[in-house]
Amino acid sequence: MSQPQFKNWQAIQDEVLRRIHAREWPPGHVIPGEVDLAAEFGCARATVNRALRTLAEAGILERRRKAGTRVALHPVSRATVDIPIIRQEIEERGSAYGYRLVSRETALPPARARIMLCPDTPAPCLHVRALHLADDSAYTLEDRWISLTTVPEAADQAFDRISPNEWLVTTAPFTHGDIAFGAAAATAEEAGLFETETGAPVFVIDRTTWDHARAITTVRLVYAPGYRIHTGIGG
């Protein structure tokens, strides 16, 4: 029986993980070199390199020059953060949920979002700003850019009844993302929405998600003063 070919790095990554989880490659085991794996998988060495590099960055593999690549003896435990549906988050706190679309337009994103969503060729993206409410009080302001290249069906969504947050979580699966937490001074608009003073500290989440190499969306969530985030730590 011929060996199936692996044409992309994600498929190779999945196969490496399968072998690790099946203990074909147990902790501490030195795995075959990139040249050998490329020959086995029927792909370019660069494709293997990317798959192994990604797993090394995740703490699953250890790569050392002249010593090869081995399965980590003690894989690094990492904190994981789920992407919540804001409506459910508000309802789980015992509050009544409300939603209001602030603006929706198709435009070229600003420089920061452009680097994420269309780094090679600038392309129009969908820009949606929406307000989530808890018991009729502003809870969070969602300022989001969506790639119409990665998620073209977003162009057909009015987002006047369902938030982009909820629509994307339920219809646009992602492979990975990055997230940053911080504090910022409330703008005049945010101060008016949250009934606080301009310059008051507000909690901010900046998040970008990808479907493999293609960015799906980048969003800035600004929360009312007093917001607290709660998450778990995976073992």
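Readers should treat all values here as calculations from the given coordinates under stated rules, not as data from a laboratory. All values reported here derive from a predicted model rather than from experimental measurement. Neighbour counts run over all protein chains shown; Cβ positions are idealised from the backbone, glycine included.
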Revision key, fill the gap. Karplus ³J(HN,Hα) for the range 150-161 (6.51 cos²θ - 1.76 cosθ + 1.60, θ = phi - 60°; Hz, whole; x = Gly/Pro) runs 7, 10, x, 5, 5, 4, 8, 9, 6, 6, 8, 10
**Study point:** Whole-Å distance, taken between Cα centres, linking the range 151-183 and the range 92-112
**Key:** 10
Practice item. Rounded, prolate or oblate: pick one for the range 175-235, where a ≥ b ≥ c are the square roots of the eigenvalues of its C-alpha gyration tensor, a/c under 1.5 means rounded, and failing that, prolate if a/b is larger than b/c, else oblate. Key: oblate
Exercise for review: State, as an integer percentage, the relative contact order of the chain based on alpha-carbon contacts under 8 Å between residues 6 or more apart.
Suggested key: 16
Review point. Over the C-alpha atoms of the chain, what are the Rg and the largest Cα-to-Cα span, Dmax, in Å?
Key: 21.7, 71
Review point. So what is the calculated 222 nm ellipticity per residue for the chain, using -39500 (n - 2.57) for each DSSP H run with n of 4 or more, over all residues, to the nearest 500 deg cm²/dmol?
Key: -7500 deg cm²/dmol
Point to revise | Dimensions (Å) - the range 9-71, Cα atoms, principal axes, largest first | key: 26, 26, 19
Practice item. With a cut-off of at most 14 other beta carbons within 10 Å, and DSSP calling the residue loop, which GluC sites (Glu not before Pro) in the range 105-208 qualify? Please list them. Key: Glu195, Glu197
Point to revise | In Hz, Karplus ³J(HN,Hα) per residue of the range 94-103 (6.51, -1.76, 1.60; θ = phi - 60°; x = Gly, Pro) | key: x, 9, 7, 8, x, 9, 9, 6, 8, 7
